[in-house]
Each structure stands twice: as structure tokens, then as C-alpha cells.
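A quick write-up on the structure given underneath.
The values are calculated or read from the model by the stated rules, or taken from the named source; none is laboratory data. Source: prediction; values computed, not measured. Methodologically, a virtual Cβ is constructed for each residue, glycine included, from the backbone with ideal geometry; neighbour enumeration extends over all protein chains shown.
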Amino acid sequence: MNDQKATSLREPLFHLTKRASISSAVAWLIRLAAVIIGLAVSGLIAFLLIEKLRLNPKEGIAKFYRCFYEGIWTEGKPFWENRSIWKFLKDTAMLLCIALAVTPAFKMKFWNTGAEGQTLMGILGAITVAVWLVPQARNASMSVPYWTLQLLMFGAAVLASTVWALIPAIFKAVWNTNETLFTLMMNYVAMNLVNMMLFIWRPKDFTLPSMNFDKLSFQFENLKSFVNNYLVIVLAVLALTFILFIYLKYTKHGYEISVVGESVRTAQYSGISVKKVIIRTMIVSGILCGVAGFLFASGLNKTIKPDDVGGNGFTAILVSWLAKFNPFGMIVTSALITVLNLGSAEISSDFDVSSAFPNVLVGIILFFVIGCEFFINYKIVFRKRSNRVKGASIK
Amino acid sequence: MNKKIALSMRGITKRFGSVLANNNVNLDVYQGEVLAILGENGCGKTTLMNMIAGIYFPDEGKIYKEDKEVVIRSPKDAFDLKIGMIHQHFKLVDLFTAAENIVLGVEEGKKYNLKNVNNRVREIADKYGFHIDPEKKIYDMSVSEKQTVEIIKVLYRGADILILDEPTAVLTPQEIDRLFEVLRRMKEDGKSIIIITHKLHEVLAVSDRVAILRKGEHVATVDTRDATESSLTEMMVGKKVELNIDRSEPVNPAPRIEIQHLSLKNAEGIDVLKDVSFIANSGEILGIAGIAGSGQKELLEAITGLQPTSTGDIIFTNPKKDKPVSFFHKSLARVKFLAKQGAFHDEFGNEVSFNGLGAKAIRRLVNNGKVLFKEDEVMNLRHKTPLQIRQLGIHLSFVPEDRLGMGLVGSMGITDNMMLRSYRKGASGFLNRRKPKQLAESIIHELEVSTPGVNTPVRKLSGGNVQKVLVGREIAFTPKVLMAAYPVRGLDINSSYTIYHLLNKQKEKGVAVIFVGEDLDVLLALCDRILVINSGEITGIVDARRATKEEIGLMMTQTKDASKEGNS
Amino acid sequence: MNIWLSYLIDSVAFGVTFIYGSTGEILTEKAGHLNLGIPGIMCMGGAGGCLVLNTIGKISMAMVEKGMSPLPGFVFVIAGILGAILMSMLMGLIYSFLTVTLRANQNVTGLVLTTFGTGLMKVIMSKLDHTIYLEGPKEFYRWPFHMRNDPLLYLGVLFYLSIFIALAASYVLYKTKVGLHLRAIGESPSTADAVGINVTKYKYLATIIGSAIAGLGGFYYIMDYSGSREAYLSIEAYGWMAIALVIFALWRPHFTIIGSIVFGFLFSFGSQIVNIEGISINLVMTYLLKMLPYICTIIVLIFTSIRNKRENQPPQSLGLPYFREDR
């Protein structure tokens, strides 16, 4: 009868199914393709936005892409004196450090959007100790033994960050308060707190809310000056990466985190206290943010401003998520984002565009990288001719 | 019968993978009748109805509505054909009122006005005798009220064919009476009602005709007035199938776990278990038979400490008599305390009190196996968490129904899943994967699990292999009690026999095995005793070697009456 | 004039930025999508409006040079608003394509959208001429009060529009079928899908319309409340505040009107207090007050989660992608 019609109504042209598995090589290839497409599209957008590029398109485009290389390597300088590469390594390390901090919680499906504030609190904690113990800090003479001060600053940084991370964790564990929104709000409380403290500490002749602690940094005499802190930071963060990898993969805590993240029911079945794991894991996150804060406060900037973390707390979420919460994968993703940042900063100075231009480029490329996850997780199944529907709606 | 046909199905076949859910089913539904669809769990009743309601699409066969062929691809198509189904799991927005849920998704072409909707809902309710407040929020409602909302939702869309999937499973007897009254009125109004059920007395009370399904096939359709409970049961369960399961006689059965007057309510406040008492013996397999959702899951979860109970005790007897004490699960303080109570003796039968001994000396004695229990340990597991039970040194193994959502971690490999129970061992903060890996390898080898490797996520394995991994782990835990909920569901014959064999081996080792099953043939062939549970109450405990399928089938479906025979 | 009254009016005017932002975010969240890209969208809304004003401003000047009369004020007003709406709709489209169709993680997508939006806005704004897009046109936006000189007493066209939009959004959400469907999707997309509601269509529309509304907030802040060439630099911060206000207003657009006044009051306390004679206050207090909107939001969040009243909770499916075969 109207069998024909019925057949044509059988199923839509294609439908989506979740992929059962995908080899990690293919997954990384898809991501690489996304980065390349993103770079191409960002070139196109840059072409539209930058007049200088349009004047001489051929050379301009070549120069445009060359900037990503120049952003991390100054031509003709040896490695140890190459300022660009060290800035790249340091930026990557700092981003990676915060990304490490958010990872344990994310693995547990606790969406901590508060790394920015938690790191900032770490900085504030360290600086508070310095201000408290070194009243003459601004006059550059110290009254406390160097290493004692560093140790105290470290302790204070870790403590402040941990408290900041712990507050939302407790409310999540006890009352199931939405952690995404809670931690997000805590960022802005932290920023205003920093503002307030800077106002309190302001020197008589200071108008902007920022402080300088130039003399509170690490000193390694046997290396050239700008490598000093950078090398320490890079090594410290690499060690942390390794430790976190071990923690997540080879310890009982890490195992519990994985089970809770996968299924709360399974966790209960195996006798894991979900509340305890949430709180303990956020303490770990807080400690790592504290380390990042200490590195910022003591090793790097030697200043404190409310925007010191510079959005790294948010970018870290991306770094962690893109690497599927694998600490070693995060080395790659944080390096990628740093290359994009530095390269596009180079572009903005070379082509005379706004200093906000890097954000635009990074944004575009990340849109593609985020979007490509879809092709990793889902499969598009086209209707097969003369083959009856199988499992179109099987659960 | 000179009534008009409302809906007919011809040659409907549906497969899920290799499983044949429905095979060449032909069925007619008349206008103005109540048709009961009767069958055991997994016989394909719900799948068949889902194909009319647009949830599934048949692989073969045709559906006719009033003699016209129709294609139903989505619930919306079904609604447009005036077919509505009330599922077991209600699909309602909790935050909305009844009326808001009812009007959701309806295109009326009129201006939306909640007052009009409320009035219209009241009209429908009055017409058929529902009791409902259209302005009440769903989260404030009882299950029966939610069901009413679902039924009105279907009526509001003008449905003239209503399918109800196990509507009485969640209702009290009074509510059931009221529901049947409503169904009769709808019937008088010319609507066709299909009711899926396994409760025989309800079938007899409310339906005009009964269609019986068995193993995906339509066995017969009979007029209700010609049917009796026993004739229906016979058709439903079919002839006894002989299974080739080796069953040994229990050796020295002794009470291992005793459930006393256990009751519990679920999150919605419904009584799921009502005053349940029974004993599971060591060296024996106790089967639990019952319609799905009669409280089996909650019973097992209550024993393992996953479900809070309202009343009752769970008495566990640990066969420790004359066995050495170990520090494995007991702290020094606990050992000292028990010694003071006079719980221990030495190998010569003299009481051990540790008087005047230091910690070191006590440890030495215990570690050398010189301290023995005088009696079996008896403990009450009521209100204990799974971890507390473990810390008492009690090994309860549990193979839950939801294998990947509860028993295993889908994204982890077999090795890591082996650790789920044992990872806490040792004082170190690090995991020791050596033993779990050995265990994983031996399970793969002995149970013939086909997997690319010990680290392949178990989610990627087939159902049978997943179950072998889970059961293998639970057995490796050297349990005193092994509980398994539907351990062979969805498994092929070979895997099923592997599981039966494993359970039998455990029984022979003296483990108390509790087996929740759905296939009566299996229960009769595998178990020593069968406990029948019906709506959270025990309707009988029978000797599996002597009981018949019909007998158990009746106990599963009838409400509690004189059929209580056999005993514990 | 009474200094407190002018302060109050200032708070009301300031709060309008948040009304737009949070009304837009509420619509999006009611569809189950937590859009952390709102700050970026508000920035781009502002940039879009200014870009259009910059263009038609030039056209108008060219017309004057040719001896024609300049474009009438209402053209500027409408064109600016349309520019803001269009640009932010584009941003919303990016977000909804990624999160609805490609089912990307909402938090991550939102954060990238904010990075992108704030960056692009700064690039665009640095290319515009504030004498063209701001100085002339901003007077038009004071309609219907542009005849008066008192800077504190103008609540211009965008103010009234914001009140209208907030009330209209509440009406749509709670009194119409469309709103019922939208709320159902946010609570339980599978239920909505089962009764034949087109979940994807609703999610797209809610996100894009929500973005359009939010974008007006950024535009309002530049053209009306601040009226200065540096105004665009602070929009991002107010975007986060708008997200906070959503929680504070318990996901009800009409509550944002009251909430925005409270937030505006607290936030501008520091800059206003110096104008008030007879009150001397430690300036540290002003920083504490700036913290208060966020702290209040946290307290509201905690309080609602402890009280656990169903009506005041975030939409049930907030943040979760919907995939039909998962049901």
C-alpha cells in the first residue's frame, strides 16, 4: 500500500549518538585541526580589523603569523639570555599552576570558577605578612631573616587561599549550594578586599592602588638576572605538575576523586563519604592556588594590584578542561594559550592595534577548540539505505 | 463482538541489538473497552506499548488507527492520533502546578489563560471522577495525585486511546479502587484503555479482555469473563523449562543474616518495605521472586547500609567461633574491649583477658593467632553505613542492578574497578595496583572476560563481560553474604551459566547467597528456597525443589491472602 | 536639592545597567544555560551601538556639509539601540551554537565569550571617535528630559525601556504559554521534549533574545549613565555584577528593578559619600560597601539553598547540556 511513504518517514537523514570510544591520537588530531582552522579564521578577522595588514596583504599576513613565533623567541639570542622564551616559560608556568589548582575539583565535577579569587587571596596573604613583618618594605631594608620571611609568606598565602576555597566547599557539601555561582562571587569579594587593603597600606605619595615589594624576591646570584625567578618558578610548577599527576593517579585520595566525579551512587556503594571528599579536594585546590599566589607575590611581580592574576584564574579553567584534566596534557594546553597570548600581543604592538587584541585572537581560536570537542564526543550517523533503524532511540 | 476497532497492530517486531523484544505481534483494541496486557517482567509488554506511544519505532510491522495505516515516530505523533500513554516514571515538571503541566506543549490557538485551563481541568476531573486541585504544585503531590495529573494530561489532549503502564504499582488499595472507577467511566465514554499489569486480580476486576504476552510473543487474547487466575497464570508463565543447573544440597546451613521486622520508606514517603522478616542461611541460595519494583532493590540496599531504614533490625552472625582474632579490621582498643567482655580464649580453651600485658605483647599474641573467638560474633547492622559495616570486619558483597551506575566506575579499567572495595587497605596514602591487577587478570582468565586489556574502560565492554567483572570482584572479596540483583539480566546464555556456576560455588563455600531474579525457571532451578515479595511484603517463602511456577506466580501477583505456605 | 534624593536617583540610573544585564541572563538561565559570557556580550552591545552611531554620525556630518539638515535625533536613538541589539545577538548566536548545537561546556564557552567580547570591544572602541559617537548623540538619549540641565534628573529613554523590558520579561515568563514552555525546558528538557516542545528552538531564542537585552545594558552605560569616553573600560565588571543580581533577584526579572537599585546604591556609595556634608566616614568603608553586593548575593544563594524552597532555586537543568538520547 503506502509502504513507500512509511519507509521514507522511517528516520531523519542523520542523527547524533555519543561515541563509545575514540583513540586519543584521533582526538588530538581533531583538536590540532581546530587550532589550525582557528588560526586561519583569526587571520581573516585580523585582516578585517587591522588597516596596516590590508595595505600590504601578502607581507602583512606572513608577518602576522610570524608574530606567534616572535612572541616566544627573540631572534639571535642564546636560550639563557632570550627574554622572550623565558617570559613564555614563566607565563605558561603560572597559568599551569592555577590550572593544576582547579583540576582536582573539576575531576570531581565541582565547578570551581573561583581560582582567580583564590589565587588573589594567596597573593594578599603573602603580601600581608610582608607588610606586617617588614614595615620598611617600601624603603627596601629588611628586618626579618630572608628565608623566615619567605616561609611565612608561603604559609600565609596557602592559608588565605585555602580558606577562600573552603568556604564554598563546605556549603556545597552540607547544603548543596550552587558552587559555580558561589565561587564566582567570591572572586569579586577578593578583588575588593585587595583594593581595600591597598588603600589601607597606601604610602603618602601613592595615588594608584598598587604596592611595590621589589626587594622581597628570590635571589639566585649565579644566574643572569631575569632568569632568576623564572627558572625557579618553572621548576617549581613542573614539580607540582608531577606531584598532582601522582596524586590523582596513584593515591587513594585521587582514586576517591575519580569515583565521586564519575558517580555519587558508586561512591556511596564503596563507602566513600562524598562530603569529606568535596571538602578535602577543595583544600587541595586552595593549597595549589596559594602556591600560585606565593609565586606571584614573592617571585614574580613583587607588586600587588587587584588585577594581578589577570584573568588567569578563568583561563586556567579552559586549560584544565581542554586537557581533559590530565596534568601533563595541561602543559600542552597552557603552552598553547600562552603562545597565542604572547603572539597576539606581539601582533598588537607590531600592527599598532589595541592592547586588547590578544583577547580577540585567543577567543576566536578557543571557540574552534571548544567546538571541536563535539566531534570528539559525538558521532553523526547518517541514515543507511535499505537498513532498518537500529537503536535510533534505544536508551 | 460488534464494537469498532480503535487500533490494531500487525506483525510488529522489535529488536534491541541481538535481543528480540517483540516478535510478530498482532493485537486489536476496540473502542469502549479495557484491554489488559498481561505478562511477566521482560516479556515485551512495555516495549510494545512504547511503539504505539511513539517512544520506539517498530523494526517491522504496521499500526492501523481505525483502519488507516499510521506512522508514529514521536510522542507528539501519538498525541496527534489521540493516543496517550501514562508511563511508570512520570514526566512532570516538579515546579509547576498540575494545570501548568497539563497544558504544557498543547497548541490550542487560544490565548493562554491559566484560569481557563484550571476550569477545563476541573471539568475533566468532574466528568470522570478524579480528585485534583489544578493549582497544586507537583512537588507537593503524592504519587497517586501525580498519576492523576498524567492521566488528565492525556485526556486534555483529547486522547481516545489511553495506555497505562503498571498504574497500580505505586498506589494504595483505596487509590486503586478509585482509579478503576475512573477507568470504567472513561470506558463508558467510548475510550479505549490499555492497561499493562501483572496483577491477576486487577485484570479480573477491571478489564474486558486480556492479551497475554510471553517472551515477546502474543500468546492469546481471552475474554476476561472466561478467565480465572489459574488459567491466566498458566498462559503467562508457560510450561516449565528445564535448566541444566547443578544444584547441590546445602551443607550445614546456619542462620547468617536475619532480617527482623524491617520497614522503610522511599524519598517520596511511600512504604517500600513493610515489616519484612526472614533468615538467609549460610551454604544456601535464597531466591527473591517478585514483580519488578516490589522492594527487592531497597531490601538489598538496606542490608548493605545504603538505604536508611525506619524500623527493624539486621542481625548478622559472623562465624568466628574458634577462629583467630585479627587486627585487620579491629583496632587495639576494640580488641582490648572485647577481651574484657570475655569474648576470647586461647587454643587450649582458657579465657584470654590480656591482664597486665602491654600493647606490644597483645599485638604479638594476636598476630601469632593465639587469640581465638569463643563464640560467633553477632552484630546488628541497623543504621550502619557501608564503611562502618566494612570496619566491623563484615564482608557483604553486593552486585547491584545498576552495574555501571553503582557497582562499577564506567570510565575506569578493570584493575581500577577491582580496587573499589579494597583500595583502603594499608596505611600508605598510595594505591597499590599490584594485587588488583593480578585479580583483574585472574578474573579475565577464569571468567573468560573478553577485553582488550586490564585498563580498557569497563564501559566499553559488553553487558556480559561487565557483569563478570562485577561478580568476579564481589566474589574475590571473600564474602560472608553475597547479594546479587538481577545478575543475569541482559546476558546471553553462556554468560548466564557462568554466573549461576559462580553463585553455586559460593554457596558450596558456605556463603549465604541472596539472588534476586525475574525468570521463575532460573529461580526454581538455582535456589534452595524462594522468598516471594509483593508490594514490599513477603507473601511466602517456599522450597524451590518442590514449588511450582504457578504457585510462585500467584504469590507474586495476588495480594496477601491465604496462599501463605511453606516456611522459613 | 536634597543630596540623598539625588543619590537615590543616581543609584536608580546606575542600576539600569544591571537590569538589562540580569534580565537577559535570566531569560538564558531559564532555558537551562548559564551564560558567563554576559559581561562580554554587554561590552559588545555597547561597542555595536557606538559603532553604528559613529557611522551615522559621520553620515550626518557629511549631510550638513552638503547643506542638508542633520539627521533627526530619533534616528540616532533607534539606530544606536538597533546596533547594540544586533551586535549582542551575534554574540548570543555564537554562544548558543556552541552550547546548544555543539553541546560544549557552558562555563568554558561563557568565559571565552567574555574574553573575546571585552577584547573586541576595546579594539573597536579604540578606533571610534568619541566626539562623533558620544558627544552629540548622548543628548538625544536624554529624551524625554533633554531640555533640563540638571544632570541628576535625567532618566532617559533607555531607562524607561529597561523597566518595560524587565516587566515584559516577567509577564512573558509567568503569564504566557511561551514562558511556560521556556521554564519547563529549564527545569526538565526531557519532559518538555516529550510533550512536543522544540527544545533547541527555545534555547536558541532565549539565549539570543537574552543577549540582545543584556547588550543594551552596556550601551546604556556608555551613552547614558556615564556618558564619558572611558566608560567602556568598566562594563565588564558590571557584567559580573549583573550575573550576581540574577541570584539576588531569585531569577525573577521584575525583582531586578529593586535589586539593581540596591546594588547601584551600594556600589556608588564611595563616590557619592564625599558629596554629603555632615557625614564623615572612614574611606575604607567605601571598599567594604563595594563588596556588599557580592556578599549579599552569596548570602541570598546560601539562604535559598538552606531553605531549599523550590521556587527560589536555580533552574534544575542549569548548566547541563541536553541530548535526547540520554533520557
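Hey, among the residues in the stretch B:168-200 that are among the polar types (S, T, N, Q) and either in contact with a Pro (Cβ under 8 Å, 6 or more places away or on another chain) or part of a loop (DSSP other than H, G, I, E, B) (or both), which one's nearest to B:S230 (Cα to Cα)?
Step by step, filter the stretch B:168-200, then rank; the result is B:T197.
Cβ-Cβ distance below 8 Å, separation of 6 or more or different chains: which pairs start in the stretch B:453-466 with a residue that is farther than 16 Å from B:V399 by Cβ and end on one that is part of a helix (DSSP H, G or I) and of a type in the set (V, I, T)?
Within 8 Å, the pairs are B:V454/B:I414; B:V454/B:T415; B:V454/B:I444; B:N455/B:I414; B:N455/B:T415; B:T456/B:I414.
Write out, first by first residue and then by second, each pair whose Cβ atoms fall under 7 Å of each other, whose residues are 6+ apart or on separate chains, and whose first residue, in the stretch C:243-255, is under 19 Å from C:L182 (Cα atoms) and within 11 Å of chain A (Cβ to nearest Cβ) while the second is of a type outside the set (K, R) and part of a helix (DSSP H, G or I).
If the second residue must be of a type outside the set (K, R) and part of a helix (DSSP H, G or I), the pairs left are C:V246/C:S22; C:V246/C:E25; C:V246/C:I26; C:V246/C:E29; C:I247/A:L181; C:I247/C:T297; C:I247/C:V300; C:I247/C:L301.
Within the stretch B:217-236, is even one residue on the phi > 0 side of the Ramachandran plot, in contact (Cβ under 8 Å) with a residue 40 or more places away in the chain and surrounded by fewer than 18 Cβ atoms within 10 Å (Cβ to Cβ)?
no
Taking B:L482, is it in contact (Cβ under 8 Å) with a residue 40 or more places away in the chain, of a type in the set (A, V, I, L, M, F, W, C) and within 29 Å of B:D271 (Cβ to Cβ)?
When the stated conditions are applied, B:L482 passes them.
Need a quick list: helices (runs of 4 or more DSSP H) entirely within the stretch A:35-148 having at least 1 residues that are loosely packed, with under 14 Cβ neighbours inside 10 Å and modelled with pLDDT under 80.
Passing ranges, in order: A:51-55, A:115-133.
What's the total number of residues in the stretch B:392-408 that are in contact with an Asp or Glu (Cβ under 9 Å, 6 or more places away or on another chain) and either within 11 Å of chain A (Cβ to nearest Cβ) or closer than 24 Å to B:T451 by Cβ (or both)?
Residues meeting the conditions: 5.
In this structure, is B:R434 among the basic types (K, R) and under 27 Å from A:G261 (Cβ atoms)?
Yes.
Check every one of the helices (runs of 4 or more DSSP H) wholly within the stretch B:409-500 and list those with 2 or more residues that are within 14 Å of chain A (Cβ to nearest Cβ) and within 30 Å of B:E518 (Cα to Cα).
The helices (runs of 4 or more DSSP H) meeting that bar are B:414-422, B:463-476.
Which condition number in (1) within 14 Å of chain A (Cβ to nearest Cβ); (2) part of a helix (DSSP H, G or I); (3) surrounded by fewer than 24 Cβ atoms within 10 Å (Cβ to Cβ) is the one that C:L173 fails?
(1)
Do we have B:E108 as of a type outside the set (G, A, S) and not in a helix (DSSP H, G or I) here?
In short, yes.
Listed here are the residues, each with its yes/no results for (1) basic (K, R); (2) in contact (Cβ under 8 Å) with a residue 60 or more places away in the chain.
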position	(1), (2)
B:K468	yes, no
B:G472	no, no
B:I475	no, yes
B:G510	no, yes
B:E518	no, yes
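Residues checked against (1) buried (at least 16 other Cβ atoms within 10 Å of the Cβ); (2) in a strand (DSSP E or B); (3) not polar (S, T, N, Q):
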| position | (1), (2), (3) |
| --- | --- |
| B:L7 | yes, yes, yes |
| B:I12 | yes, yes, yes |
| B:D77 | yes, no, yes |
| B:M85 | yes, yes, yes |
| B:Q88 | no, no, no |
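Could you tell me which residue of the stretch A:311-355 is nearest to A:L44 (Cα to Cα), considering only residues that are within 12 Å of chain C (Cβ to nearest Cβ) and either of a type in the set (D, E, K, R) or touching a strand residue (DSSP E or B) at 6+ places or on another chain (Cβ under 8 Å) (or both)?
A:D352
Taking strands (runs of 3 or more DSSP E) that do not extend beyond the stretch B:201-271, which have at least 3 residues that are among the charged types (D, E, K, R)?
B:255-265
Just for the stretch C:23-57: of the residues that are within 13 Å of chain A (Cβ to nearest Cβ) and of a type in the set (G, A, S), which one is farthest from C:R103 (Cα to Cα)?
Filtering first and then ranking leaves C:A47.
Looking at this structure, is B:L357 outside the structural domain of B:R433 (by TED's automatic domain parsing) and either buried (at least 19 other Cβ atoms within 10 Å of the Cβ) or within 25 Å of the chain's Cα centre (by Cα) (or both)?
no
Please work out which residue is farthest from B:V516 (Cα to Cα), limiting yourself to the stretch B:263-306 and to residues that are among the small types (G, A, S) and surrounded by fewer than 22 Cβ atoms within 10 Å (Cβ to Cβ).
In this case the residue turns out to be B:G269.
Among the listed residues B:N50, B:N22, identify the single one that is in contact with a strand residue (DSSP E or B) (Cβ under 8 Å, 6 or more places away or on another chain), within 11 Å of chain A (Cβ to nearest Cβ) and buried (at least 19 other Cβ atoms within 10 Å of the Cβ).
It is B:N50.
Scan the stretch A:237-262 residue by residue and report those that are away from chain B (no Cβ under 12 Å) and touching a helix residue (DSSP H, G or I) at 6+ places or on another chain (Cβ under 7 Å).
A:V237, A:L240, A:T241, A:L244, A:F245
May I ask you to list pairs of residues, at least six apart or on different chains, whose Cβ atoms are under 8 Å apart, with the first in the stretch C:92-108 being in contact (Cβ under 8 Å) with a residue 60 or more places away in the chain and within 12 Å of C:G37 (Cβ to Cβ) and the second being in a helix (DSSP H, G or I) and basic (K, R)?
Final answer for the pair search is C:S96/C:K203.
For the condition within 19 Å of C:W240 (Cβ to Cβ), within 14 Å of chain A (Cβ to nearest Cβ) and over 20 Å from the mean Cα position of the chain (by Cα), what is the one hit in C:V112, C:V100, C:V108, C:V123?
C:V108
Pairs under 7 Å by beta carbon, first residue more than 7 Å from chain B (Cβ to nearest Cβ) in the stretch A:263-276, partner small (G, A, S), six or more apart or different chains?
A:V274/A:A267; A:K275/A:A173
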